[in-house]
Amino acid sequence: ESDASQIHLLRKYGYKVFYGDATQIDLLRAAGADKAEALIICTDSPDEVMAIVDICRVHFPKLKLLARARSRVEAYQLMSHGVENYSR
């Protein structure tokens, strides 16, 4: 998450949240992506979603990815990059 107010709110409810840019491999590792079963990608930028997907495919190939697509084109892009579950 990159919004400090959201981090405070989510932590208040007991969620483990990390502040930063999810396109940075160090942040993903610190957040436990190498041990996680799945990563849910919810950003406003389709380019950022695809960047995170590509990074995870290289560094965490067994990680299940779930992502948000805002159009059919984005949904097809996600499917072509191995994202099996997406929301439209």
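The values are calculated or read from the model by the stated rules, or taken from the named source; none is laboratory data. Keep in mind the model is a prediction, meaning the values are calculated, not measured. Because the Cβ atoms are built from the backbone with ideal geometry, glycine has one as well, and the counts that use them run over all protein chains shown.
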ask   = Taking region 12-21 on its own, how many of its residues are within 19 Å of Ala36 (Cα to Cα), out of contact with any helix residue (DSSP H, G or I) (no Cβ under 6 Å at 6 or more places or on another chain) and modelled with pLDDT of 85 or more?
value = 3
inquiry  = If I filter region 42-76 down to residues being in contact with a Phe, Trp or Tyr (Cβ under 8 Å, 6 or more places away or on another chain) and buried (at least 18 other Cβ atoms within 10 Å of the Cβ), which single residue comes out as farthest from Arg29 (Cα to Cα)?
reply    = Ala69
remark   = Scanning region 50-70 for residues that are touching a residue at least 24 places away in the same chain (Cβ under 8 Å) and not in a strand (DSSP E or B) gives Met50, Ala51, Ile52, Val53, Asp54, Ile55, Cys56, Arg57, His59, Phe60, Leu63, Arg70
note = Counting only residues in region 71-88 that are polar (S, T, N, Q) and assigned to a helix (DSSP H, G or I), the one farthest from Ala22 (Cα to Cα) is identified as Ser80
query = Has region 31-38 got at least one residue that is in a helix (DSSP H, G or I) and under 11 Å from the mean Cα position of the chain (by Cα)?
reply = no
